[in-house]
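Step one of this worksheet: look at the structure below.
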Amino acid sequence: MRPDGGCCNHCDICIAIDNEAYGECFSVAPLSKSRIITIDAMRQFDHMLGLAVRKDHLKIGVIYDAECMG
């Protein structure tokens, strides 16, 4: 990954993330009509990030439109 958080598009992990094929990348976004990220959505997001992962894998969490957290 680049220092600004973007994908480098050179390493295997970045290529998999760009192709939406990386199994340890989780995201949360506002609901379409309300534009609010609910507490339940954040709890689920937190739960997914907290699950165990292999030592050689990274977990990535992305919060889209974080200002919409309610």
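Determine whether region 10-20 contains at least one residue that is free of Cβ contacts under 8 Å to residues at least 40 places away in the same chain, of a type outside the set (A, V, I, L, M, F, W, C) and closer than 17 Å to ASP65 by Cα. No, that holds for no residue.
So which of ILE60, ILE17 is surrounded by 14 or more Cβ atoms within 10 Å (Cβ to Cβ), at pLDDT below 85, within 12 Å of the chain's Cα centre (by Cα) and of a type outside the set (Phe, Trp, Tyr)?
ILE17
Restricting attention to region 45-62, the residues being closer than 16 Å to ALA21 by Cα and basic (Lys, Arg) number 1.
Residues in region 24-33 that are open to solvent by 60 Å² or more (accessible area, probe 1.4 Å) and not in a strand (DSSP E or B) were compared, and the one that is farthest from TYR64 (Cα to Cα) is LYS33. Condition check: open to solvent by 100 Å² or more (accessible area, probe 1.4 Å) and not in a helix (DSSP H, G or I). Does ASP40 satisfy that? When the stated conditions are applied, ASP40 does not pass them.
The values are calculated or read from the model by the stated rules, or taken from the named source; none is laboratory data. Remember, it's a predicted structure, so these values are computed and weren't measured experimentally. Cβ: placed from backbone, ideal geometry, glycine included. Neighbour counts: every protein chain shown. Surface areas here come from the heavy atoms of the whole protein model, side chains and all, with no ligands, DNA or RNA. Shrake-Rupley method; radii C 1.70, N 1.55, O 1.52, S 1.80 Å.
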